[in-house]
Every structure is written in C-alpha cells, then in structure tokens.
Amino acid sequence: MSLQNPDGDLEPADEASVVAQRDPDELAELLGDAVIGREQHLNAPGFVIRPDAVQDVLSTLKDEAGYDHLSVVTAQEYENRYESIYHLKKFADPTQEVSVVVPADKENPVSQSAEPVFRTADWHEREAYDLVGIEYDDHPDLRRILLPETWQGHPMSMDYDKDQPQVVSLREHANPLQADHREDESDTMFINIGPHHPATHGVLHLKTTLDGEQVADVESDIGYLHRSEEQMAQSGTYRHQIMPYPDRWDYISAGLLNEWAYARAAEDLADIDVPEYAQVIRTMGAELCRIAAHMLAVATFALDINGDFTATFMYAINDREQAQSILEDLTGQRMMFNYFRLGGVVWDLPEPREEFFEKTRAFLDQLPGSVEEYHDLLTANEILQMRTIDTGILPPEVAKDYGATGPVVRGSGVDYDLRRDDPYGYYDELDWDVITEDGCDNYSRLLVRLQEVEESAKIIEQCIDLLEDWPEEDRTIQSNVPRTLKPEDDTEIYRAVEGAKGELGVYIRADGTDKPARFKIRSPCFSNLQTLPEMANGEYVPDMVAALGSLDIVLGEVDR
C-alpha cells in the first residue's frame with residue numbers, strides 16, 4: 001500500500017509504525033519485582049511474573065506501555081507446574097507484542113485473574129479453568145464454559161481419565177430465576193433462546209432475563225459442539241497431519257484464511273520461507289474466502305432482520321456460490337480446501353490459466369452491481385434501518401476491552417486490520433483500504449462487511465494482474481521444506497491473520513518432537529460473542545437477535 005496519501009499525510013499504517021517501541025529491559029524495569037524470570041518467545045519478549053501480581057503487571061503494561069489488546073490466554077500443565085500465558089499487543093501497532101507468563105503451583109494451581117484489567121480474560125480464563133484446571137482468584141464468574149458444571153476432571157490436564165463415567169443431572173437445566181416467578185407483581189421473566197440452529201448461527205443457548213419487554217441480562221451458553229480441534233492438532237505432525245484441520249474451525253467459508261493462520265505460525269516457528277508467487281496465490285484465495293464469508297453474513301443478517309429469503313438471502317448465496325466455484329477450481333474442494341502447505345500451496349493455478357482468469361474477472365466485474373443491489377435491498381431499507389441504527393451499541397473502548405476484532409471492532413470505529421498493521425502474504429504490496437464505520441451499531445457492522453467485499457475484489461483483481469504476467473520459469477509454488485519438522489524444545493510463538501470475522505491466531509509451543517506440545521486457537525468469534533451482553537442489555541429481544549446476527553459468529557469456531 002502507499003505510505004502517504006495524495007496530501008502527504010500519514011495513513012493509519014504509518015501512525016502505527018511510529019508508536020514508541022519499548023525495549024524489553026525497559027519493560028522489565030517498569031514491571032519491577034513482579035518479574036521473577038525472563039523468556040524469549042519467537043514473536044515477543046516473555047516475562048515470568050508472580051501469580052499474585054497479574055493485575056498489577058497487566059495494568060502497568062496496558063496503561064503505561066500501551067499494550068491495550070489481550071489477544072489470547074493460553075494455559076498448560078507441565079511436570080512441575082501449571083502455566084498461564086497472556087499475550088498482549090497494541091491496537092495502534094500489533095507488531096509490538098509481549099507475553100506475560102504466570103506459573104502456578106502444581107498441587108494448588110491458583111493465580112490472580114486478569115478480568116479486572118481486560119474484560120476479555122473472563123471467557124479465556126474460564127476456558128483455561130475448564131480444560132486445564134487452573135483457578136483464577138478474583139474472577140467474577142469462574143465456572144466451566146464448555147463442559148457441564150458436573151463434569152469430572154479437566155480434559156487437557158495430564159492426569160485426566162477419559163474413561164471415567166460422566167453424569168449430567170437435570171438440575172443443570174433448571175430455571176435459575178424460578179423464585180422470581182413466585183412474585184405476582186414481578187415483571188421479570190426467564191426465557192431460553194436455543195439451543196437450536198436456525199436462529200442462532202449455530203448450536204447456541206442464550207439464557208435471557210427479561211424485565212418487561214427489555215433484556216435485563218443475557219448469558220451465552222456454549223460448548224454444545226466442542227470438537228477437540230486443539231487436542232487433535234497436538235496429536236498431528238507439523239508437516240502433514242495438522243493442515244486439514246483448520247478448514248473445519250470456521251467451516252462455513254473461511255477455509256484458506258484458517259489454513260493461513262496455522263501456516264503463518266508454523267512457518268515462523270520452523271523458519272520456512274514462502275515463494276513470492278505462492279504468496280500472491282494465497283492472498284487471492286484468502287480474499288475469495290473473505291467475500292464468500294461476508295456474503296453469507298449479509299444473507300443470514302437479512303433473514304434475521306427482514307425475514308428476507310427470496311431476494312437478499314438467495315442473491316447473496318448466489319454470489320457466494322460463484323466465489324466457492326472459483327475456489328473449487330483452484331483447490332479441488334468446495335469447502336474443506338486443504339490447499340495451503342507449509343512453504344506454499346499444494347499446486348499451481350488450474351489449466352488453462354486463461355479460463356480461470358476469465359471466470360474470476362467475470363465474477364469481479366458483476367460484483368459492484370451486486371453490492372449496489374444489497375445497498376438498495378438492505379442499507380436503504382427503512383425497516384432494516386429502524387431495526388439496526390442505534391441498536392446493538394458497542395463503544396470502541398468497550399470493544400477493545402473485550403478483544404473484539406474484525407468487522408465488529410471496525411464497525412465501532414477502531415482502525416485495526418492485521419493485513420495492513422502486521423503485514424503478511426502480499427498485502428503490503430497492493431493498493432486497498434481498511435474500512436471503518438463509527439456508528440458502533442448493528443447497521444455499521446453491516447456497512448463494513450459490504451464495503452470490505454469491494455476492497456477484497458480490488459485485492460483479487462491486482463493479484464490476477466500479477467499472476468497473468470508472472471514469468472513461467474519463476475512460478476515456484478513451494479519452498480524446500482524438510483519432510484519432518486522438529487522445532488527446538490520449549491520454543492513458543494503466537495501468530496495471527498485477519499480472518500473474515502477478525503483476528504484468527506495460533507499459539508504453538510514446541511517440545512523438540514514433530515508434534516506440538518501445545519496448540520491453542522485464538523478464535524475471533526469467541527471474543528466477539530463475549531460482547532453480546534454489552535450490546536443487548538437494555539434492548540428489546542428483536543434487537544438482541546439483530547446484535548447476535550451482526551456479530552457473524554460460527555459456533556464451530558467458538559467451541560473449536
């Protein structure tokens with residue numbers, strides 16, 4: 001992208017690049033005696049701190065050093081300790097990263113909660129407690145998040161007995177507000193929304209408390225789909241066996257974006273280069289996936305708001321199918337592409353290349369007219385405007401505190417996009433814009449997705465121009481990668497890409513073997529869904545449904 005606009009002013013990417021970079025020694029001095037050790041992860045300096053100093057350390061890093069984005073919380077059990085890792089970035093410059101490592105006693109794994117500092121730590125720490133068994137002092141609601149409260153043991157702990165019987169009592173589904181119903185004059189009502197598929201974008205159970213007709217509280221009950229994707233990745237080899245799994249995280253349409261998240265982490269972990277030609281192909285394929293994902297988001301949002309199946313839904317699905325058809329030509333698969341390989345892609349563009357380029361250009365040529373139709377049908381629709389403008393409000397600072405990313409945070413005016421701010425692939429060589437809207441409402445999130453479709457089309461067109469003229473002798477699709485990859489023991493990395501729904505990241509800790517010792521998926525849907533109460537409380541039930549639709553979640557990625 002151009003470094004300056006025509007007026008010579010700095011673009012947001014430049015503003016991010018001049019944010020002061022803190023020296024690790026300066027950070028250590030800033031944190032003082034809370035630091036009890038130092039580590040060096042591949043992407044960031046690591047500070048080992050006392051388990052009772054989590055809030056002080058994170059507050060200092062957030063308020064005084066500018067690390068205002070808690071990307072992910074990872075937890076793991078070792079032979080002699082438990083460990084939580086808080087990976088921090090800056091929204092202004094996500095290339096500035098730091099890892100805060102918190103050891104906990106093997107016999108009594110307790111550390112201080114980060115939730116009072118970063119709201120997003122609520123769900124992340126609950127997941128760590130649920131699956132690994134670490135307890136967090138001062139956590140406001142330390143309960144299991146994926147498994148029933150009656151579950152015995154923690155599935156990712158070292159002594160977990162997978163053969164033990166599990167019993168879930170009916171009390172798990174009792175009405176938690178039953179006593180309120182005994183008051184004749186009370187307007188409080190408890191209502192279950194879900195768990196069922198069509199209206200909740202997956203198998204999601206919303207425990208909703210109504211005060212009259214307004215939402216007083218809503219709790220997202222997830223875990224119905226938990227498919228152990230992280231555990232399966234930990235059982236596979238880096239080189240061959242992990243790559244088929246990412247397609248199944250956001251299984252709807254973001255396959256290549258998911259594959260890129262793993263590829264970026266593993267390639268940096270093993271110091272693997274990717275040929276420039278393959279980077280262009282990756283970028284083109286990823287943006288086709290982004291268009292397909294946004295088309296489905298627009299289609300289902302129209303169903304949620306207008307009940308519009310015959311026009312908007314089918315129109316958007318038609319455009320999505322055209323993108324899927326091109327992706328099928330490229331990868332050989334409709335959805336579970338398995339097209340990326342560490343070091344490149346599995347094969348070159350389909351032959352004859354001219355037909356592939358012609359088909360892709362024909363799709364891009366009709367896309368602006370389609371987007372204009374969606375604006376006529378949706379954004380200019382008075383009913384949709386009444387349902388979405390000034391509903392589902394998510395202020396920018398609240399969105400950042402929850403770790404919201406993608407169209408959700410950009411719809412709140414936060415100018416954050418990893419394609420530009422932490423460049424990878426071929427994005428920094430192309431001309432395109434990051435889309436933001438400052439309405440902070442359901443309507444703004446719709447506008448962002450529609451405009452991003454047009455930006456993706458610009459990126460794809462530039463990639464096609466490059467690929468058409470690429471010399472045949474330089475069309476290298478893969479670098480030379482060893483058959484077996486064994487990164488050094490105790491090497492750690494977190495890398496992320498800009499998925500269709502936000503920051504999709506992968507944390508890997510190597511143990512010297514050909515399989516990861518820890519593989520953690522940072523799902524954008526997980527953090528984005530956590531914002532629902534902020535958007536829905538005080539609104540009416542239909543407004544809550546609109547807010548949920550505007551988040552564009554897929555439960556397969558929330559539950560992983």
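The values are calculated or read from the model by the stated rules, or taken from the named source; none is laboratory data. Just so it is clear, the model here is predicted, and its values are computed rather than measured. Heads up, the Cβs are rebuilt from the backbone with ideal geometry, glycines too, and the neighbour counts pull from every protein chain shown. Surface accessibility is based on the protein's heavy atoms, side chains included, excluding ligands, DNA and RNA. Shrake-Rupley method; radii C 1.70, N 1.55, O 1.52, S 1.80 Å.
For the range 195-274, pairs of C-alpha atoms spaced more than 21 angstrom apart make up 49 percent of the total.
Accessible area per residue for the range 452-511 is 43 Å², calculated with a 1.4 Å probe on protein heavy atoms, without ligands, DNA or RNA.
For residue 359, the lysines whose Cα falls under 30 Å of its own Cα, not counting residues fewer than eight places away in the same chain, are 458, 501. Dividing the convex hull volume of the alpha-carbon atoms in the range 327-435 by its residue count gives 177 Å³ per residue.
Think of a 1.4 Å ball rolled over the protein heavy atoms: the range 110-162 then has 39 Å² of accessible area per residue. Taking 11 Å as the cut-off, the amide N atoms of the range 531-560 that come nearer than this to a point 7 Å along the Cα-to-beta-carbon line of residue 224 belong to 555.
Extending 7 Å from Cα along the Cβ direction at residue 161 and again at residue 321 yields two label points whose distance is 5.3 nm. The base-10 log of I(q)/I(0) for the range 467-538, evaluated at q = 0.12, 0.24, 0.25 Å⁻¹, reads -0.61, -1.02, -1.05 [Debye formula, identical scatterers on Cα atoms, solvent excluded].
Straight-line cross-link partners of residue 162 among the lysines, defined as a Cα under 26 Å from its Cα and at least 8 positions apart when in the same chain: 106, 515, 520. Of the peptides 267-273, 98-104, the ranking by mean beta-carbon count within 10 Å, highest at the top, reads 98-104, 267-273.
Here is the tail figure for the range 232-372: Cα pairs spaced more than 18 Å apart come to 58 percent of all pairs. Recomputing Rg and Dmax of the Cα atoms in Å from the coordinates shown identifies the correct label among (1) 25.4, 106; (2) 23.4, 81; (3) 23.5, 70 as (2). Computed from the C-beta positions of residue 474 and residue 358 and an R0 of 35 Å, the FRET efficiency is 0.95 to the nearest 0.05. Using the Cα atoms of the range 410-560 to build a convex hull, what is its mean projected area in square nanometres? Mean shadow area of the hull around the Cα atoms is 12.0 nm². In this label model, residue 454 and residue 63 are separated by 4.3 nm, measuring between points 7 Å along each Cα→Cβ vector.
Ranking of 239, 483, 449 by solvent-accessible surface, largest first: 483, 239, 449 (1.4 Å probe, protein heavy atoms only, all chains present).
On full extension, the segment bounded by residue 107 and residue 50 gains 18.9 nm, given 0.36 nm per residue less the C-alpha separation.
Each peptide in 523-530, 231-238 receives the mean, over its residues, of other Cβ atoms within 10 Å, and ordering these scores from highest gives 523-530, 231-238. The mean of 1/r over all pairs of different alpha-carbon atoms in the range 239-312, once inverted, gives a Kirkwood hydrodynamic radius of 14.1 Å.
Apolar share of the accessible surface for the range 408-560: 38 percent from carbon plus sulfur atoms, 1.4 Å probe.
Per-residue extension of 0.36 nm, minus the Cα-Cα distance of residue 540 and residue 329, leaves a gain of 71.5 nm for this segment. Of the solvent-accessible surface of the range 275-325, computed with a 1.4 Å probe and all protein chains present, 56% belongs to carbon and sulfur. Give the shape of the range 427-482 as rounded, prolate or oblate, defined through the alpha-carbon gyration tensor: a ≥ b ≥ c are the square roots of its eigenvalues, a/c under 1.5 means rounded, and otherwise the shape is prolate if a/b is larger than b/c and oblate if not. Prolate, since a/c reaches 1.5 and a/b exceeds b/c.
Between rounded, prolate and oblate, where does the range 33-164 land on the alpha carbon gyration tensor, with a ≥ b ≥ c its root eigenvalues, rounded for a/c under 1.5, else prolate if a/b exceeds b/c? Prolate shape, in that a/c is at least 1.5 and a/b is the bigger ratio. Treating r as the C-beta distance of residue 78 and residue 379 and R0 as 56 Å, the FRET efficiency rounds to 0.60.
Prolate is the label for the range 83-158, because a/c, from the alpha-carbon gyration tensor with a ≥ b ≥ c as root eigenvalues, is 1.5 or above and a/b exceeds b/c.
Long hydrophobic helices in the chain, taken as whole DSSP H segments with a C-alpha length of 30 Å or more on their own axis and mean Kyte-Doolittle hydropathy at least 0.5: 276-306. The simple Förster model, with R0 at 56 Å and r as the Cβ-Cβ distance, assigns residue 141 and residue 311 a FRET efficiency of 0.85. Using just its DSSP H runs of length 4 or more, each adding -39500 (n - 2.57), the chain gives a mean residue ellipticity at 222 nm of -11000 deg cm²/dmol after division by all residues. Measuring nothing but protein heavy atoms, the accessible surface of the range 208-248 at 1.4 Å probe radius is 43 percent carbon and sulfur.
Using the average count of surrounding beta-carbon atoms within 10 Å as a protection proxy, the listed peptides 319-329, 293-303 rank, highest first, as 293-303, 319-329. Computed over every Cα-Cα pair of the range 114-157 and binned at 5 Å starting from 0, the pair-distance distribution P(r) comes out as 6, 26, 33, 20, 11, 4, 0 percent.
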